Amino acid sequence: MPNWEGIEETATMLPRIWLTRAKDGDVWKPLRKTDCKALNESRGEEVLIEGGRATADPKSGTIGYNFVNRPSTKLMSATWFTKEEKKNQKEFTLHPLPEIDSWQVELLYQNAVRASSSLGEGLDEILKEEIVLESDPQHKVCVIKNGGLLSMKKRPIKSNFLRFGEVQFTLQRGYGQYTIEGEDDENALGDLTHAIFVIHGIGEAMWSKEDVGTPSMRDELDQLRITVNKKKVVAWRDECKKCEKQKQTLPPPPNRIEFIPIEWYDKVRSPSHSLVQSLSAVTLSSIPALRSIANDVIFDVLMYLTPEFCEAILQCVTTQIVEFYSTFQRVHPSFIAREGKFSLIGHSLGSVIAWDILSILKDNVERNIPIGDVNDPIRIDVASSPPRVPSLATLDKRAAENPMGYHAFAKGAENDSKHGTWGPCLPKKMSQTIPFTPELTIFLGSPIGLFLTLRGAHPVFDEMRAIAEAERASLIPCDNEEAEPPRVFDISPIICSPFSLPTGNLYNIFHPSDPVAYRIEPLLLPEGVDNDEFPAPVFLSPDGKSVRLHVKARQVGDQLFKQFGSLSYIFDKGVENAAVAAAAADAETARKKANTASDGNEMMPKRPNFAGCIKGRECSFRLGGSCNHRVDFQIQPGVIDNEYLSAVTAHSSYISNEDVVDFIIYNTRSNGETNI
């Protein structure tokens, strides 16, 4: 029996391979093996593929995506393929034959196999047969024998003289062995227990262009999903090996995390929008690459600072989250029953959007506005908070309950300040909110600190702290003013603002060289605290403890340099103390003179001095839940790390950063993954 060329699948019942491509001209790529098997068993019905992220419809020949706003792609199945070899003949591309042609080619192949068998009648008649392809009438398929090797060839119907210069292709039966990155790891994981909505930041209009080499957020999240699954599986298998050696029960496979991108750039940057058209009209034609950065990147921030576009972006993001939240529960109907959790991640400007969405949720919850809709009622339990301070600034003249207005606070005299807001400025109130309280909220490379400063949020947070301080003071017994209060009452001053958002743990993660990132914690501390007294950000690690050795060494060096920065430290400190004592004596003398000259008049109230109030005290912030006491987390620097060189890529490398990936895995573990 002769040998065959191009026969990758020898089974009598040839399985169909399902393939997809985005548009005509693209190469057809096979689906995951598990998805191909499910489609072959579906009998033409719709099938969820890629872990529920897409739905394949064999009848219409399309694949629709459940959690991404992207056009549907084409779908087809094939058993025979045209093998197009490259010039070096080591690389090749497979083009699927339509089903009607595959059926005829398969029949010819089976006849040739029977004819060449021991009981066959020989190949003489088979070698004369030709099949004209219905999908390509200019080509035919025939069996070719070259020595002892048989093959199925695709040739033009009209041949040249002596077939000189004729292009012919080998047909391949079956697709052959292939692997899809991440398929095996995802199949090895357990149930899906955590879904994270990820909001992109500035410049996505540029990164999403096909001619730009920078990956878009979709691409980054696809790679993040693969990386997270791989790390989970590797850790689980290592744990299984340890249990086998110790003859212990094997741990269950770790549960799966889903990342859902929330895209807003294409909704507010429609080419037909008048603002986009006007921007294009006024943009100079010179240095187009640099002007593209200004129009596609910087312009996002300027748009968000305008109330109308701020509202449009928040509406767009909120609507997408609500829609994907509903679709997610339809795709995974047992997710809530398994106590699945939803979380938020915002990168760059996306973190400001996430903050504002939580601010709107907080505002509506405190006003007792129902969350969800008739078909999907959601009840959100929020911990008690200090007396309400409005979180939204609006331009609606009828909103008399909101006295703050749009602009950030403007300080006049020392004791006179007009407060701002921590929430967004909108033309009118937003009633639509996200239908869940996030289990976890992570800000990556966030400029929230800058936006809150512009909105005048610091005095608002400080006012909430002062209110909490006054409320606590009113609870301390004061019948005998000279007697000390009972020990059960904490009389130390409240340092951190009790302000909180409706979310679980909240983390502000930043790279120390990121020029766009800002801290949040200083705004939750009293005004007037010196910058040197602010608590240093926590180094990012999965468990909050595993700081690398070179980072610890650098910390020790910084502390030593801070305490003993020069040989004259002790002398300078003595001189400084003497100067402070002299200044204090002068101030006390001036105060006594002022009291004498006032003739009993009341003194003007002064702003409290919080200098030195943080020293020796542990700061605990309530911004997000009660489990994490800190908010600002700094990515650990490398052994060799130049801050200026790192600044070039720091803002765009969070999702691929290994410390960030490990941190997400650690903080989204289910109960069964405690030891993994």
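Some points to look at:
- Filter result for PHE328 (of a type outside the set (Val, Ile, Thr), in a strand (DSSP E or B) and modelled with pLDDT of 95 or more): no
- Residue list for region 1-32, filter: aromatic (Phe, Trp, Tyr) and within 25 Å of ASN146 (Cα to Cα): TRP4
- Test: residue in region 158-170 that is acidic (Asp, Glu) and touching a residue at least 60 places away in the same chain (Cβ under 8 Å): no
- Region 85-114: number of residues that are of a type in the set (D, E, K, R) and modelled with pLDDT of 90 or more: 4
- Residue within region 344-362 that is basic (Lys, Arg) and at pLDDT below 80 present: no
- Residues satisfying the stated conditions in region 422-439, i.e. modelled with pLDDT of 90 or more, out of contact with any strand residue (DSSP E or B) (no Cβ under 7 Å at 6 or more places or on another chain) and among the hydrophobic types (A, V, I, L, M, F, W, C): ILE434
- Qualifying residue in region 73-96 (condition: of a type outside the set (Lys, Arg) and within 23 Å of ARG218 (Cβ to Cβ)): yes
- As a summary of the residue check, SER151 satisfies the conditions (1) over 30 Å from THR34 (Cβ atoms); (2) loosely packed, with under 15 Cβ neighbours inside 10 Å; (3) small (Gly, Ala, Ser) except for the one numbered (2).
- Residue tally, condition β-branched (Val, Ile, Thr) and in contact with a Pro (Cβ under 8 Å, 6 or more places away or on another chain), over region 135-194: 3
- Restricting attention to region 641-658 and to residues that are under 16 Å from the mean Cα position of the chain (by Cα) and not in a helix (DSSP H, G or I), the residue that is surrounded by the fewest Cβ atoms within 10 Å (Cβ to Cβ) turns out to be SER656.
- Where helices (runs of 4 or more DSSP H) fall wholly inside region 237-321, the ranges with 3 or more residues that are buried (at least 18 other Cβ atoms within 10 Å of the Cβ) are 299-304.
The values are calculated or read from the model by the stated rules, or taken from the named source; none is laboratory data. Predicted model, so just to flag it, every value in this text is computed and none were measured. Positions of Cβ are backbone-derived with ideal geometry, glycine not excepted, and every protein chain shown enters the neighbour counts.
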